[in-house]
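First comes the structure, then the notes that go with it.
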Amino acid sequence: MASNAVKSSSYKKYDIRRRNPNPRAAALLVIDVQNYFSAMAKPILPNLLATIRLCRRASIPVLFTRHCHKSPADYGLLAEWWNGDVILDGTPDADLMPDLDRRPNDVVLDKNTYSAFQGTRLEEILREWRVEEVIVTGVMTNLCCETTARDAFVRGFRVFFSADATATADAELHDAALKNLAYGFAYLVDCEKLEEGLFGK
């Protein structure tokens, strides 16, 4: 998978639907903010940390995912697609970045494909928590974040997708993902809009 520096770009032109998250029914998903992706995650880290802190302040549970592979049996098509470049469990690349604002009771789910729902307990956990909405952050905007957001939508979860706490390999891919998600799957938010939606101004 590509791990070059990432840019987060403006999303206002795609901001076509408006709604505020319901803190009593929401969960924050922090997707794959791992050492492997540190080059693209570092530029958005202030916004990501601000988003995590806003959600904690609103009593919204925070759930982290790690993309990793335990053996060639779980590579699927990813090894072919990325020419054998996979994140191996147990290596430093697979670890979550140490700068994340994590707490001991935060759930961390391992996954081995783009969607955080595929082959994990994510949906089961969200249903147990009576979650109806997810706020999606992390990397990569157009791969794991977008696929998870689309999957959440088709499973009946209302999706809020962060434009400034997600990142990917280049601005065009980021913008394309935001445009697609805003058209059919998710309400777009940023730190400012999220704070206003959760706490007013």
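The values are calculated or read from the model by the stated rules, or taken from the named source; none is laboratory data. It should be emphasised that the depicted structure is a prediction, and the values quoted were computed from it without experimental measurement. For neighbour counting, all protein chains shown are included, and Cβ atoms are generated from backbone atoms with ideal geometry for every residue, glycine included. Remember, those area values only see protein heavy atoms, side chains included, never the ligands or the DNA or RNA. Shrake-Rupley method; radii C 1.70, N 1.55, O 1.52, S 1.80 Å.
Data overview
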item	result
Conditions (1) without any contact (Cβ under 8 Å) to a residue 40 or more places away in the chain; (2) open to solvent by less than 60 Å² (accessible area, probe 1.4 Å); (3) under 15 Å from the mean Cα position of the chain (by Cα); number of the one not met by VAL107	(1)
Which listed residue, of SER115, SER162, SER59, is under 25 Å from CYS191 (Cα atoms) and in contact with an Asp or Glu (Cβ under 6 Å, 6 or more places away or on another chain)	SER115
Check on TRP129, open to solvent by 10 Å² or more (accessible area, probe 1.4 Å) and without any contact (Cβ under 8 Å) to a residue 12 or more places away in the chain	no
Which numbered condition ARG155 misses (of (1) open to solvent by 50 Å² or more (accessible area, probe 1.4 Å); (2) under 25 Å from ARG57 (Cα atoms))	(2)
The stretch 19-56, residues that are crowded, with 21+ Cβ neighbours inside 10 Å and among the charged types (D, E, K, R)	ASP32
Residues that are of a type in the set (A, V, I, L, M, F, W, C), more than 14 Å from the chain's Cα centre (by Cα) and under 18 Å from HIS174 (Cα atoms), drawn from the stretch 34-59	ALA39
Wholly within the stretch 1-100, helices (runs of 4 or more DSSP H) carrying at least 2 residues that are in contact (Cβ under 8 Å) with a residue 60 or more places away in the chain	38-41, 45-57
Odd one out for THR147 among (1) open to solvent by 70 Å² or more (accessible area, probe 1.4 Å); (2) in contact with a Ser or Thr (Cβ under 6 Å, 6 or more places away or on another chain)	(1)
